[in-house]
1. Assuming Thr259 fulfils every condition listed in (1) in a strand (DSSP E or B); (2) β-branched (Val, Ile, Thr); (3) open to solvent by less than 40 Å² (accessible area, probe 1.4 Å) apart from one, which condition is it?
2. Do we have Ala102 as out of contact with any Lys or Arg (no Cβ under 8 Å at 6 or more places or on another chain), modelled with pLDDT under 90 and either within 25 Å of Pro14 (Cβ to Cβ) or β-branched (Val, Ile, Thr) (or both) here?
3. Would you mind stating whether Gly192 is modelled with pLDDT of 95 or more and in contact with a helix residue (DSSP H, G or I) (Cβ under 9 Å, 6 or more places away or on another chain)?
4. Restricting the range 70-83 to residues that are more than 16 Å from the chain's Cα centre (by Cα) and aliphatic (A, V, I, L, M), which is surrounded by the most Cβ atoms within 10 Å (Cβ to Cβ)?
5. Is there any pair with a first residue in the range 31-52 that is closer than 21 Å to Leu11 by Cβ and part of a loop (DSSP other than H, G, I, E, B) and a second that is open to solvent by less than 100 Å² (accessible area, probe 1.4 Å) and modelled with pLDDT of 80 or more whose Cβ atoms are under 6 Å apart and which are 6 or more apart or on different chains, and what are they?
6. Go through (1) over 29 Å from Arg169 (Cα atoms); (2) under 14 Å from the mean Cα position of the chain (by Cα); (3) open to solvent by less than 50 Å² (accessible area, probe 1.4 Å) one by one and return the number of the condition Trp86 breaks.
7. Can you tell me which of (1) in contact (Cβ under 8 Å) with a residue 24 or more places away in the chain; (2) acidic (Asp, Glu); (3) within 16 Å of Thr125 (Cα to Cα) is the one Glu196 doesn't meet?
Amino acid sequence: LLLRTRDLFALPFPLARPVPTALFVQAAFRGWGLRVIPAAFPAARRSPVSPHGRWKTENLAENRRRRLMRDLGIKREVLADGRERWYGCGKETARCFGTVHARTPQYLLAGRWTPPCCLRALRETARHVTGVLEAAGVRYWLEGGSLLGAARLGDIIPWDYDVDLGIYREDVGKCRWLAAAATGEAVEDAEGFLWEKAAEGDFYRVHYSRSNRLHVDLWPFYPRGGVMTKDTWLGHPQDVEFPESFLRPRVPMAFAGFTAMAPNNARAFLELKFGAGAIE
């Protein structure tokens with residue numbers, strides 16, 4: 001690789017290994033045009049490598065690559081053959097961002113959107129939770145920003161950090177995990193998702209895992225005089241009461257790669273919560 005010294009050492013990781021990958025990723029980020037010339041010089045002859053030696057070499061290269069991707073902040077890599085490699089958070093790790101302050105996660109302050117690994121975990125959690133609720137006969141619907149994402153994109157809004165579902169409070173006892181959480185006990189289900197009662201008030205959270213706190217919030221509403229209300233209000237502008245007629249019936253809606261239940265007039269529901277033209 002022919003490169004000016006001042007350009008090389010202007011890179012944040014000039015000699016990170018594997019060197020070719022590190023240089024090409026950092027160059028691409030800066031819009032530098034690089035050209036690969038295959039076999040520019042003949043390779044030196046090497047002695048045959050034992051299977052164990054080959055395994056050690058491949059393992060070292062993989063560890064270096066993962067360390068490089070972590071240092072560069074890359075969460076997902078799409079390979080030339082279409083396969084994907086993930087370097088972000090998982091069930092065994094913490095999520096990629098810390099505490100959310102004033103409804104603003106760290107990545108927004110850094111001028112980024114939700115990391116793709118975090119969005120993947122949110123989608124998995126939402127799919128799992130809705131499946132459990134449906135199997136238990138708990139009536140639920142997409143709420144707030146999650147319904148807005150479904151109406152706009154059929155997915156989670158790209159900068160969101162949780163998923164919101166409304167449920168009928170009287171149905172909580174139908175789901176064994178919700179019933180356990182209602183007693184104040186955090187309980188892990190068979191697939192490693194953690195169900196608990198939120199510390200902030202009378203609602204529930206289902207976390208991706210004990211380690212990874214990406215979550216779905218479950219808001220228990222109950223009807224009063226034909227209006228759906230609840231006992232905990234956190235001061236969000238869209239956190240308002242609404243007519244129960246929006247839920248009679250609930251309707252299926254594409255969301256995050258599966259079909260979830262939603263109010264029967266999403267536009268009117270969202271404009272009640274967010275104002276006219278909310279979807280647009």
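The values are calculated or read from the model by the stated rules, or taken from the named source; none is laboratory data. Nothing here was measured: the structure is a model prediction, and the numbers come from that model. So basically every Cβ, Gly included, is an ideal-geometry build from the backbone, and we count neighbours across all protein chains shown. Heavy atoms of the whole protein, side chains included, go into the accessibility calculation; ligands, DNA and RNA do not. Shrake-Rupley method; radii C 1.70, N 1.55, O 1.52, S 1.80 Å.
1. All conditions are met except number (3).
2. Values: out of contact with any Lys or Arg (no Cβ under 8 Å at 6 or more places or on another chain): yes; modelled with pLDDT under 90: yes; either within 25 Å of Pro14 (Cβ to Cβ) or β-branched (Val, Ile, Thr) (or both): no.
Against the criterion (out of contact with any Lys or Arg (no Cβ under 8 Å at 6 or more places or on another chain), modelled with pLDDT under 90 and either within 25 Å of Pro14 (Cβ to Cβ) or β-branched (Val, Ile, Thr) (or both)), Ala102 does not qualify.
3. Working: modelled with pLDDT of 95 or more: yes; in contact with a helix residue (DSSP H, G or I) (Cβ under 9 Å, 6 or more places away or on another chain): no.
Spelling it out, it is not the case that Gly192 is modelled with pLDDT of 95 or more and in contact with a helix residue (DSSP H, G or I) (Cβ under 9 Å, 6 or more places away or on another chain).
4. Leu72
5. Leu34/Ala27
6. Only one criterion in (1) over 29 Å from Arg169 (Cα atoms); (2) under 14 Å from the mean Cα position of the chain (by Cα); (3) open to solvent by less than 50 Å² (accessible area, probe 1.4 Å) is unmet by Trp86, namely (3).
7. For Glu196, the failing item is (1).
Every residue, every condition in (1) open to solvent by less than 60 Å² (accessible area, probe 1.4 Å); (2) farther than 25 Å from Glu77 by Cα; (3) under 33 Å from the mean Cα position of the chain (by Cα); (4) not polar (S, T, N, Q), yes or no:
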| residue | (1), (2), (3), (4) |
| --- | --- |
| Arg4 | no, yes, no, yes |
| Leu8 | yes, no, no, yes |
| Ala27 | yes, no, yes, yes |
| Arg30 | no, no, yes, yes |
| Ala44 | no, yes, no, yes |
| Pro48 | no, yes, no, yes |
